[in-house]
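What follows is a short report on a single structure.
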Amino acid sequence: MTDPKHTEPVDLLPCPFCGGEPRIAGMAEDYVECTECDATVGLDGNNPEGPIAAWNTRTAAEAASRAREARLRGVAKDALVALPVMIALLRKVGLTSGVEVGEAMLASARAALTKRANK
Ligand SMILES: [Zn+2]
């Protein structure tokens, strides 16, 4: 082995997208890819510490980011179901200020879901 950087086993964390097994790939072993979904991290200007460190860092950061996004999407989807019911009830009892607040919240939830879907 002429390349000392690969003489020790490397711990790669599971893929942040699918939990799949990653591997070091490329002719120069210069990127990490998921063997399940083909997600990759290469050695570029954004990853000066190298693809392995970048993969492992991204795994933790992106898993947290995706979990947060999934929670927010869940809240927004629940709001799309619950708010129309709440608005109808408020309208029925004549609480117009509550109706306005509910409609504003509904518009926010729709915008949040649309924005994320277009990303
Ligand atoms: Zn994957």
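Based on the mean of other Cβ atoms within 10 Å per residue, sort peptides 89-99, 13-23 so the most packed one is first. Intermediate results must be reported in sequence, preceding the final value.
Details: 89-99: 12.2, 13-23: 16.4.
Highest-to-lowest ranking by the protection proxy: 13-23, 89-99.
Rounded to the nearest 20 Debye, what is the dipole magnitude of the stretch 60-115 about its Cα centre when Lys and Arg each give +1 and Asp and Glu each give -1 at the C-beta?
Charge dipole, the stretch 60-115, about its Cα centre: 120 debye, nearest 20.
For an R0 of 35 angstrom, estimate the FRET efficiency from the Cβ-Cβ distance between Glu49 and Ala70 and round to the nearest 0.05.
Calculated transfer efficiency: 0.80.
Find out how many positive minus negative residues lie around Gly98, taking Lys and Arg as positive, Asp and Glu as negative, among other residues whose Cβ is under 14 Å from that of Gly98. Write out the running numbers ahead of the final one.
Working: positive: Arg91, Lys92; negative: Glu100, Glu103.
With Lys, Arg at +1 and Asp, Glu at -1, the neighbours total 0.
In what sequence, highest mean first, do 74-84, 27-37 appear when ranked by Cβ atoms within 10 angstrom?
27-37, 74-84
Every number in this text was worked out from the coordinates using simple rules, so none of it is lab data. Source: prediction; values computed, not measured. Positions of Cβ are backbone-derived with ideal geometry, glycine not excepted, and every protein chain shown enters the neighbour counts.
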